[in-house]
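Colleague: I am attaching a structure below and will ask some questions about it afterwards.
Read the figures in this text as sums done on the coordinates, not as results from a lab. Small disclaimer: the values here were computed from a predicted structure and weren't measured. Ideal geometry is used to build each Cβ from the backbone, glycine not excepted, and the neighbour counts take in all protein chains shown.
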Amino acid sequence: MPKDQMEHIYRSIAPDRIPWNVESPPPILRTIVETNTVTPCRAIEFGCGTGNYVIYLASRGFDAVGVDISGAAIEIARRSASGKGAACRFIVADVLGDLEEIRQPFDFAYDWELLHHIFPPDREKYIGNVSRLLVPAGRYLSVCFSEKSAQFGGTGKYRKTPLDTVLYFSSESEMISLFEPLFVIDDLKTIDIEGKFATHKAVYAFMRKRS
Amino acid sequence: MRKAKEDASGIPVSRSLTGAALVVSGLILCAPAAFSPAQTAPDNVAGSQAADGAAPTDGKPPAGAIDNEAAIRDVISRTITSFGTVIRDAYSRELIGNPRIEGEITVSFIVQPGGGVTDVKVERSSLNWLPLEDEILNRIKAWKFPPFEGEPVPAYVPYKFGQR
């Protein structure tokens, strides 16, 4: 997930042309919130981009924080939140760093289409950060592209996108191996998620941090 | 080069007034803005706002409390300005861990007639350092204002931090 590449994308492409920049929150997140599976609490999105879902959570009463490696994305997010009167906060930070910018514990963490930007050698570090920033039994939702996806060439673990980003396509068993040391997996499945230009197969995992 | 005097924490500061806002400049820019009527107008503030549990007499002002609207706003404004030192102290402490912190934060809260503070939150921030934001919120939650008669008063206060 090269920082310069993300910065270039957010600075050179209109937000409505960035494939993953969808304003309305995904139905899965809405269901979790609107069925009170997770009630208003301290929440953090890793890889929040322009902050659409963080703003949504703030509108639902969450003390919501968004983190992204791109300063350009966070600038857009802050402007958007300010324009909508949303009291939420955004931090420019590398989720693979020490995340000293954050420090406070959260009750709910999620990443939506972030993990496929993080390759296997870096994933333990990232998941460790997520775990460290969650309270015991804190909930964690992670959704990333599945190796069953027919997009971007249709085969292979690493695939190049039209934006020249390279993504890693995961399997359910990989997710279990990655998450289980630190989380109790309550739900794991392969689902369809609607992208701006296509439907993708994705691995969905909903978890609790081990106490 | 202009030499700034030092405040109690040993940090060089200089002070000047710009319009209604107190501007503290030097190593730290910390400008708790005084209230404009629009910022503190109690319009649309629900009378059922939960009173601060720590407020005296169950959130109700005692006899002799300030009851003039202009005076209330003036007292609240001056009290917030005086609390600027508390915010500056929070910033000074966080600078030890990260000397690069700078930016602006706008916080909002509601001053209850009993003097307590509720609904403290960050409206917007470019500090990029959550520990400082949280510390600012925690410190504001502990503020106590002189009791007054009337509706709760919402406040929006921008602070600017920087180094030079």
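Colleague: Can you tell me which residues in the stretch A:123-139 are surrounded by fewer than 17 Cβ atoms within 10 Å (Cβ to Cβ) and either under 17 Å from A:Tyr204 (Cβ atoms) or in contact (Cβ under 8 Å) with a residue 40 or more places away in the chain (or both)? Don't jump to the end; show me each part of the working.
Modeller: Step one: filter the stretch A:123-139 for residues surrounded by fewer than 17 Cβ atoms within 10 Å (Cβ to Cβ), giving A:124-125, A:128, A:132, A:135-137.
Hits for the stretch A:123-139 are A:Glu124, A:Gly128, A:Val135, A:Pro136, A:Ala137.
Colleague: Going through the stretch A:172-206 one residue at a time, which ones are out of contact with any Ser or Thr (no Cβ under 7 Å at 6 or more places or on another chain) and small (Gly, Ala, Ser)?
Modeller: Listed by number, the residues that qualify are A:Ser173, A:Ser177, A:Gly195, A:Ala198.
Colleague: Answer yes or no as to whether A:Val54 is under 18 Å from A:Asp4 (Cα atoms) and within 13 Å of chain B (Cβ to nearest Cβ).
Modeller: No, not satisfied.
Colleague: A:Ser142: crowded, with 19+ Cβ neighbours inside 10 Å and among the hydroxyl-bearing types (Ser, Thr, Tyr), yes or no?
Modeller: For A:Ser142, the condition - crowded, with 19+ Cβ neighbours inside 10 Å and among the hydroxyl-bearing types (Ser, Thr, Tyr) - is met.
Colleague: Right, next: Within the stretch B:117-131, work out how many residues are among the aliphatic types (A, V, I, L, M) and more than 13 Å from chain A (Cβ to nearest Cβ). Break it down into steps so the answer makes sense when it comes.
Modeller: Filtering the stretch B:117-131 down to residues among the aliphatic types (A, V, I, L, M) leaves B:117, B:120, B:122, B:127, B:130.
Remaining after also requiring more than 13 Å from chain A (Cβ to nearest Cβ): B:117.
Matching residues across the stretch B:117-131 total 1.
Colleague: If you don't mind, another one. Just one of (1) under 16 Å from the mean Cα position of the chain (by Cα); (2) farther than 21 Å from A:Ala202 by Cβ trips up A:Pro105, so point out which.
Modeller: Failed condition: (1).
Colleague: From the set of residues in the stretch B:88-116 that are touching a Phe, Trp or Tyr at 6+ places or on another chain (Cβ under 6 Å) and more than 14 Å from chain A (Cβ to nearest Cβ), which is farthest from A:Phe90 (Cα to Cα)?
Modeller: B:Pro113
Colleague: Condition first: outside any loop (DSSP other than H, G, I, E, B), of a type outside the set (D, E, K, R) and surrounded by 14 or more Cβ atoms within 10 Å (Cβ to Cβ). Now tell me which residues in the stretch B:81-106 satisfy that. Walk me through how you get there before you give the answer.
Modeller: First, the residues of the stretch B:81-106 that are outside any loop (DSSP other than H, G, I, E, B): B:81-82, B:84-97, B:103-106.
Next, from what is left, pick out any that are of a type outside the set (D, E, K, R): B:81-82, B:84-87, B:90-92, B:95-97, B:103, B:105-106.
Across the stretch B:81-106, the qualifying residues are B:Thr81, B:Gly84, B:Thr85, B:Val86, B:Ile87, B:Ala90, B:Tyr91, B:Ser92, B:Leu95, B:Gly103, B:Ile105, B:Thr106.
Colleague: So, one more: Considering only residues of the stretch A:166-211 that are crowded, with 18+ Cβ neighbours inside 10 Å and of a type in the set (Ser, Thr, Tyr), which is nearest to A:Phe106 (Cα to Cα)?
Modeller: Across the stretch A:166-211, the extreme among qualifying residues is A:Tyr204.
Colleague: Under 7 Å by Cβ, and 6 or more places apart or on different chains, what pairs join a residue from the stretch B:132-149 that is within 14 Å of chain A (Cβ to nearest Cβ) with one that is buried (at least 17 other Cβ atoms within 10 Å of the Cβ) and in a loop (DSSP other than H, G, I, E, B)?
Modeller: B:Leu132/B:Ile101; B:Glu133/B:Leu127
Colleague: Pull up the stretch A:85-106, narrow it to residues that are crowded, with 19+ Cβ neighbours inside 10 Å, more than 7 Å from chain B (Cβ to nearest Cβ) and touching a Gly at 6+ places or on another chain (Cβ under 8 Å), then point me to the one that is nearest to A:Arg42 (Cα to Cα).
Modeller: Applying the filter and picking the extreme gives A:Phe106.
Colleague: Against the conditions (1) closer than 21 Å to A:His117 by Cα; (2) more than 8 Å from chain B (Cβ to nearest Cβ); (3) surrounded by fewer than 24 Cβ atoms within 10 Å (Cβ to Cβ); (4) within 16 Å of the chain's Cα centre (by Cα), where does A:Gly66 fall short? Just the number, please.
Modeller: With respect to (1) closer than 21 Å to A:His117 by Cα; (2) more than 8 Å from chain B (Cβ to nearest Cβ); (3) surrounded by fewer than 24 Cβ atoms within 10 Å (Cβ to Cβ); (4) within 16 Å of the chain's Cα centre (by Cα), A:Gly66 is out only on (3).
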